[in-house]
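What follows is a set of notes on a single structure, which appears directly below.
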Amino acid sequence: MTQIFLENGDVVPVSVLQVEDCRVVQVKSEKGSDGYNAVQVGIKSRKKFKRMTKPLRGHLKRAGLDAVDLLREFRVDDVGGYEVGQKLDVGLFEAGDLVRITGISKGKGFAGVVKRHGFSGGPKSHGSHSGRIPGSIGCSATPSRVYKGRKLPGRMGGDRVTLSRAKVVSVMKERNVVLVKGGVPGGASGRYLLLSKVASTSQRRT
């Protein structure tokens, strides 16, 4: 993260997201054999084409594209504005847009209930042995078991997290960079999925 100054002098914390070389690999239409409108997008890979699997190589060869590192499919209302091989860049976003950002959160490893679930813990003094333990997790007689979904210690982080209605502060077309207000889930070298035209609260209620 970093920060930028607006024209009125306000300081805004932003996350800098680099938009990679995205190409349209396939266009699906509800009038065709697929039965629905969607656009399949691939990110250009640094791998050699021969290192890809044979099914993927055939799929890309039909589209006339080079090796891709990641394939994602997006449902759209109209596929008329898309064609195979088309490049998708930061021109899809504008300052002030509300976007949905999906990423993989940072992995924290095995964590206790205080860190993982925010438990307050037990007494911290006078010989207490229950400083950071979860406490009772079920009676021996009834129910004689631990209920499913009980908050217990375990692996924390490394989950798919979606941040809704994040505001685009600025778009740098010459650098292919999008500046989004606030933080995003994941690390500095993580990959993120940006979806534009997220409905506002008033639009979702109607």
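The values are calculated or read from the model by the stated rules, or taken from the named source; none is laboratory data. Here the structure is a predicted model, which is why all the values come from computation and not from measurement. Positions of Cβ are backbone-derived with ideal geometry, glycine not excepted, and every protein chain shown enters the neighbour counts.
Look through the range 117-132, keep the residues that are free of Cβ contacts under 8 Å to residues at least 12 places away in the same chain and small (Gly, Ala, Ser), and return whichever of them is nearest to residue 170 (Cα to Cα). Spell out the reasoning first.
So in the range 117-132, the residues free of Cβ contacts under 8 Å to residues at least 12 places away in the same chain come out as 118, 120, 123-131.
Restricting the remaining residues to those that are small (Gly, Ala, Ser) gives 118, 120, 125, 127-128, 130-131.
Values: 118: 35, 120: 40, 125: 51, 127: 56, 128: 53, 130: 50, 131: 47 Å.
If we take residues in the range 117-132 being free of Cβ contacts under 8 Å to residues at least 12 places away in the same chain and small (Gly, Ala, Ser), then 118 is nearest to residue 170 (Cα to Cα).
Somewhere in the range 160-176, is a residue more than 30 Å from residue 8 (Cβ to Cβ) and not β-branched (Val, Ile, Thr)? Yes, the conditions are met somewhere in the range 160-176. Of a type in the set (Asp, Glu), in a loop (DSSP other than H, G, I, E, B) and out of contact with any helix residue (DSSP H, G or I) (no Cβ under 9 Å at 6 or more places or on another chain), is that true of residue 20? It is true that residue 20 is of a type in the set (Asp, Glu), in a loop (DSSP other than H, G, I, E, B) and out of contact with any helix residue (DSSP H, G or I) (no Cβ under 9 Å at 6 or more places or on another chain). Taking the residues in the range 15-45 that are of a type in the set (Lys, Arg) and buried (at least 17 other Cβ atoms within 10 Å of the Cβ) as candidates, determine which candidate is farthest from residue 169 (Cα to Cα). Checked the range 15-45; the qualifying residue farthest from residue 169 (Cα to Cα) is 28.
In the range 46-88, the residue that is surrounded by the fewest Cβ atoms within 10 Å (Cβ to Cβ) out of those that are aromatic (Phe, Trp, Tyr) and touching a residue at least 40 places away in the same chain (Cβ under 8 Å) is 74.
So which residues in the range 51-77 are of a type in the set (Asp, Glu) and over 21 Å from residue 193 (Cβ atoms)?
If we filter the range 51-77 for residues that are of a type in the set (Asp, Glu), which is where we start, we get 66, 69, 73, 77.
If the condition is that a residue be of a type in the set (Asp, Glu) and over 21 Å from residue 193 (Cβ atoms), then 66 is the only one that fits.
Tell me yes or no: at least one residue of the range 52-72 is modelled with pLDDT of 85 or more and part of a strand (DSSP E or B). Yes, the range 52-72 contains at least one residue that is modelled with pLDDT of 85 or more and part of a strand (DSSP E or B). Just one residue in the set 92, 71, 88 is of a type in the set (A, V, I, L, M), touching a Cys at 6+ places or on another chain (Cβ under 9 Å) and under 30 Å from residue 57 (Cα atoms); that residue is 88. Across the range 73-88, which residue is modelled with the highest pLDDT among those that are assigned to a loop (DSSP other than H, G, I, E, B) and hydrophobic (A, V, I, L, M, F, W, C)? So, considering only residues that are assigned to a loop (DSSP other than H, G, I, E, B) and hydrophobic (A, V, I, L, M, F, W, C), the one modelled with the highest pLDDT is 84.
Kindly indicate whether residue 65 is over 23 Å from the mean Cα position of the chain (by Cα), of a type outside the set (Phe, Trp, Tyr) and closer than 23 Å to residue 168 by Cα. Reasoning before the result, please.
Details: over 23 Å from the mean Cα position of the chain (by Cα): yes; of a type outside the set (Phe, Trp, Tyr): yes; closer than 23 Å to residue 168 by Cα: no.
It is false that residue 65 is over 23 Å from the mean Cα position of the chain (by Cα), of a type outside the set (Phe, Trp, Tyr) and closer than 23 Å to residue 168 by Cα.
Screening residue 141 against (1) modelled with pLDDT of 90 or more; (2) of a type in the set (A, V, I, L, M); (3) out of contact with any Lys or Arg (no Cβ under 6 Å at 6 or more places or on another chain) leaves a single unmet condition, (1).
Can you confirm whether residue 161 is touching a residue at least 60 places away in the same chain (Cβ under 8 Å), among the β-branched types (Val, Ile, Thr) and touching a strand residue (DSSP E or B) at 6+ places or on another chain (Cβ under 8 Å)? Talk me through it step by step, then tell me what you get.
Working: touching a residue at least 60 places away in the same chain (Cβ under 8 Å): no; among the β-branched types (Val, Ile, Thr): yes; touching a strand residue (DSSP E or B) at 6+ places or on another chain (Cβ under 8 Å): yes.
It is false that residue 161 is touching a residue at least 60 places away in the same chain (Cβ under 8 Å), among the β-branched types (Val, Ile, Thr) and touching a strand residue (DSSP E or B) at 6+ places or on another chain (Cβ under 8 Å).
Looking at the structure I just gave you, is residue 92 under 25 Å from residue 174 (Cβ atoms) and not acidic (Asp, Glu)? Yes, satisfied. If only residues of the range 117-172 that are basic (Lys, Arg) and touching a Leu at 6+ places or on another chain (Cβ under 9 Å) are counted, the one that is surrounded by the fewest Cβ atoms within 10 Å (Cβ to Cβ) is 165. In the range 99-116, is there at least one residue being surrounded by fewer than 11 Cβ atoms within 10 Å (Cβ to Cβ) and in contact (Cβ under 8 Å) with a residue 60 or more places away in the chain? Looking through the range 99-116, none of the residues is surrounded by fewer than 11 Cβ atoms within 10 Å (Cβ to Cβ) and in contact (Cβ under 8 Å) with a residue 60 or more places away in the chain.
Yes or no: residue 91 closer than 28 Å to residue 15 by Cα and in a helix (DSSP H, G or I)? When the stated conditions are applied, residue 91 passes them.
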